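Taking it in order: structure first as structure tokens, then the write-up.
The values are calculated or read from the model by the stated rules, or taken from the named source; none is laboratory data. Predicted, not measured: the structure shown is a model, and the values here were computed from it. Backbone-built Cβ (ideal geometry, glycine too); neighbour counts: all protein chains shown. When the accessible area is computed, the model is the full protein with side chains, heavy atoms only, and any ligands, DNA or RNA have been set aside. Shrake-Rupley method; radii C 1.70, N 1.55, O 1.52, S 1.80 Å.
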Amino acid sequence: MNPIFPSILSTNFFNLEAKLDEFEKSRIDFIHLDIMDGHFVDTLSFGPGLARALKEKFPFRLDAHLMVSNPAKMIPHFIKAGADWISFHIEAADGDAPGLLRLIRDGNCRAGLVLNPDTPLEQVLPFLPMVDYILVMSVFPGYGGQQFIAASLDRVAQLKKEILGLGSRCLLQVDGGINEA
């Protein structure tokens, strides 16, 4: 069974603790944190303080998806806050994806790259030996409630073929517009 990493982005924050209690009772292992800085994407969400608070109160592992324009600045904060997995968008790497991946790994976290729906697959392929996972966006980042982009399934299949061809242990995540269908 593939694990589900529910996002809390659309949760009513007045009911967040009740929702997290529900997740804990349902034996959810991971919580996906959509971290948005208002620059890389227009939306502003939450920061490392929420990650720290979640780690203090709940047993979840945290998957911090950094939709930020300066991941080098944010990564250390999320490592310190207790994130277990950290990913950033290849477009925000400023040509230093290997250095950012190393920074995440040096913090004892799983390191991931994010692939937007309109970003060529070829941009992440050189990094497959260096990453623990690729997060394939199946919507455009920054806004909840979007429809799943069906072409994302082809991108996942292409990536899986590349990963298997390399003999890599890289995992794949899919983010956005996912429902039971």
Check: Which value, in debye to the nearest 20, describes the size of the charge dipole of the chain about its Cα centre when Lys and Arg Cβ atoms bear +1, Asp and Glu Cβ atoms bear -1, and nothing else is charged?
Finding: 500
Next item on the list: Calculate one ³J(HN,Hα) per residue across region 106-121 by plugging θ = phi - 60° into the Karplus curve 6.51 cos²θ - 1.76 cosθ + 1.60, and present them in order as whole Hz with x for glycine and proline.
Entry: 5, x, 6, 10, 6, 10, x, 10, 10, 10, 6, x, 9, 8, x, 3
Next item on the list: Could you tell me which chymotrypsin sites (Phe, Trp or Tyr not before Pro) in region 19-101 are loop residues by DSSP with no more than 10 other beta carbons within 10 angstrom of their beta carbon?
Entry: none
Next item on the list: Using θ = phi - 60° and the Karplus relation 6.51 cos²θ - 1.76 cosθ + 1.60, list the HN-Hα couplings for region 23-33 in order, rounded to whole Hz, with x at every Gly or Pro.
Entry: 4, 5, 5, 8, 6, 6, 8, 10, 10, 8, 9
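What is the sum of charges around E162, taking Lys and Arg as +1, Asp and Glu as -1, for the other residues whose C-beta is under 15 Å from the C-beta of E162? Walk me through the numbers on the way to the answer.
Details: positive: R155, K160, K161, R169; negative: E122, D154.
Residues close to E162 contribute a combined charge of +2.
Relative to the present Cα-Cα distance, how much length would full extension add between N12 and F140 at 0.36 nm per residue of separation? Present the calculation step by step, with values, prior to reporting the outcome.
Details: separation 128, 0.36 × 128 = 46.08 nm, distance 2.20 nm.
Gain on extension, N12 to F140, equals 43.9 nm.
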Next item on the list: Whenever you get a sec, compute what percent of the accessible area on region 8-96 sits on carbon and sulfur atoms (1.4 Å probe).
Entry: 49
Checklist line | Accessible area in square angstrom per residue, region 1-87, 1.4 angstrom probe | finding: 55
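What ranking of K19, K25 comes out by heavy-atom accessible area, probe 1.4 Å, highest first? Each step should come with its number before you reach the end.
On the way: K19 70, K25 170 Å².
The most accessible residue leads, giving K25, K19.
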Check: So which trypsin sites (Lys or Arg not before Pro) in region 152-181 pass both tests, a DSSP loop state and at most 11 other Cβ atoms within 10 Å of the Cβ?
Finding: R169
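How much net charge surrounds C109 when only other residues with a Cβ under 12 Å from its Cβ are counted (Lys, Arg +1; Asp, Glu -1)? Walk me through the numbers before you get to the answer.
Working: positive: R61, K80, R102, R105, R110; negative: D63, D84, D106, D132.
My count for the surroundings of C109 gives +1.
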Item checked: Sparsely packed chymotrypsin sites (Phe, Trp or Tyr not before Pro) within region 89-160, loop by DSSP, other Cβ within 10 Å at most 15 -> Y143, F148
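Please state the relative contact order of the chain as a whole percent: Cα pairs under 8 Å, 6+ residues apart? Intermediate values should be presented prior to the final figure.
Details: 309 pairs, mean separation 27.6, N = 181.
Worked out over the chain, it gives 15 percent.
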Check: Which aspartates and glutamates have a Cα lying under 20 Å from the Cα of K55, excluding residues fewer than 8 positions away in the same chain?
Finding: E17, D21, E22, E24, D29, D34, D63, D84, D106
